[in-house]
Each structure stands twice: as C-alpha cells, then as structure tokens.
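The next block holds one structure in the form of structure tokens; read it before the comments.
The values are calculated or read from the model by the stated rules, or taken from the named source; none is laboratory data. Computed from a prediction, not measured in an experiment: that's the story for all the values here. Cβ atoms come from the backbone with ideal geometry, glycine included; neighbour counts cover every protein chain shown. Keep in mind that these areas ignore ligands, DNA and RNA; they rest on the heavy atoms of the full protein, side chains included. Shrake-Rupley method; radii C 1.70, N 1.55, O 1.52, S 1.80 Å.
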Amino acid sequence: MNRPLLSLTGRLTCTDAAQMLLAIDLLSEHAQLTRAEPGNLRFDVAQNEDNPLVFELRELYADEEAFQAHRARLYDSRWGRESHGIKRDFSRTDPLPRIRAELPYDHAGISDMLNRSFGSTKEARLVDMLRRDGHLALSMVAEAAGTIIGHVALSPIAADFPALALAPVAVHPAVRGRGIGGALIRAAQETFEDHAIVVLGAPEYYGRFGFAPAQLASPYAGPHLLATGCQGLPPGSRIAHAPAFAMI
C-alpha cells in the first residue's frame, strides 16, 4: 500500500453530568456523519461502564487525506461547534493490513464490507448461504486495526476435476487500487494450488493472476467465465457451482 491507513484510538472525558449529556447528544449525529464519509472505514464509540463521564473511541481512515477531509467537515458541524470543552486524549498509528482466515466474530464485519463494496446485499447473502450450507472451502479477510477491509471466498464446484469457485472478491471502496484485492486472490490461489479455480469476472483484471477464458459447460458460460488450472481439459467439460449461487 503506497498510502498508509490512519487509525485513532482514545477517549473523551467530560467534566460533569451536564457535559456528559451534551456528549451523548452530539456523538449520535457525529458518529452517523463520520461513518458516511467516503474515506472513513470505522468509527466506534462506547461509554465507559465504570466511568460514564468517559467515552472510548476507535476510528480508521483510508489515509491522511481522508482524515483531513474529516477534520474539515467538523468545523461546520454541531460536534465541532459545541464539544470544545470535552477533553480529548488520542493516539495515532498507521496500521498495516494483514490477511487471515475468517473467524466467527468476523461475520457481521464481512457482511457490512460486502454491502458497501457492491452497493447491495446480494454478495453478503451469498456468503451467508455458503457458510450455512458448509460450502465455504475458504473465507479470508484483509484486516487493519480490527476492521475488515477486504474479503475473498472459495466454494466447491461439482466437476470431473478438483475445482473451486472464486466469489466474491471484495475490497472496501475507500482502499481500492492498493493491491489488497490482488493479495487476497493470490492467498486463495496459494492455499489451493492443486485445484482449478473458476471466476466470473473481467478478463483484463483476472488475467494478471493467470485466469483465462474457460470453455466449460455452465449456466455462466461466456467471455467472462475464467479459470486457472484447467489446462488439458476437454472443451465443454461440465461444472456446477454450489446451490447458493442459483438462489440469489
């Protein structure tokens, strides 16, 4: 990644109950507006259980430019105008993404990221159904500062040869073009080097990972049906994706 992510963690401390009530009022709108910023990846706020005058915050931005756009927006917001008396204590880091297998607590974060990436709930429902049916051969995430920013899935394909479907592949819109999607695809390929992998996608993008047009008998047959590891197969070899693909 040529532009580092920017993470903020810290706390807001109120002086008394009146300021606490003001913070509660302001933070609801502040959180909603911040999460709607195109460069924001995370904004979590929680009132401390032991000391209700303290609010814990975790924020993640696509880069320095996104954070500065966030700060510029604050000048003309209720939070910016009315929260000056609340004490701030924050630390800043530039976290690096890491790729790992999904864990049970990732499911909601994966769904949210997929919805934002594709602008619909279709892909998130596909992953949920594959998981429910036991058809997620692989589900990996790109994570930074505890936030899901990318995802890739592989599911079994019925065929006369070991084969998997690559779908979906997604990266949060705020951090596209930084190699995260490519890293996820390569990680999936390295995990199943002995399998053919089939994807429905743009040849100009997937071609860089070794995918080529595949002459396979499938409801998805056409110029966008691509595969790796299918060399030597007779043209027209039949494949069938997991049932979830036909249900979305």
So the check is Cβ under 8 Å with 6+ separation or different chains; which pairs have a first residue in region 98-114 that's more than 13 Å from residue 143 (Cα to Cα) and a second one that's assigned to a helix (DSSP H, G or I) and of a type in the set (Val, Ile, Thr)?
111/127; 114/127
Criterion violated by residue 80 - all others in (1) open to solvent by less than 60 Å² (accessible area, probe 1.4 Å); (2) touching a residue at least 12 places away in the same chain (Cβ under 8 Å) satisfied:
(2)
Among the residues of region 213-248, what is the count of those that are within 26 Å of residue 180 (Cα to Cα), hydrophobic (A, V, I, L, M, F, W, C), modelled with pLDDT of 95 or more and open to solvent by 20 Å² or more (accessible area, probe 1.4 Å)?
1
Filter result for the condition that a residue is under 23 Å from the mean Cα position of the chain (by Cα) and at pLDDT 95 or above, over 11, 42
42
Scan of region 109-131 for residues that are under 14 Å from residue 244 (Cβ atoms) and either touching a Lys or Arg at 6+ places or on another chain (Cβ under 6 Å) or among the small types (Gly, Ala, Ser) (or both), ordered by number
124
Every residue from region 1-27 that is assigned to a helix (DSSP H, G or I) and either open to solvent by 80 Å² or more (accessible area, probe 1.4 Å) or of a type in the set (D, E, K, R) (or both)
21, 25
The residue that is least open to solvent (accessible area, probe 1.4 Å), considering only those in region 165-203 that are free of Cβ contacts under 8 Å to residues at least 24 places away in the same chain and in a helix (DSSP H, G or I), is 203
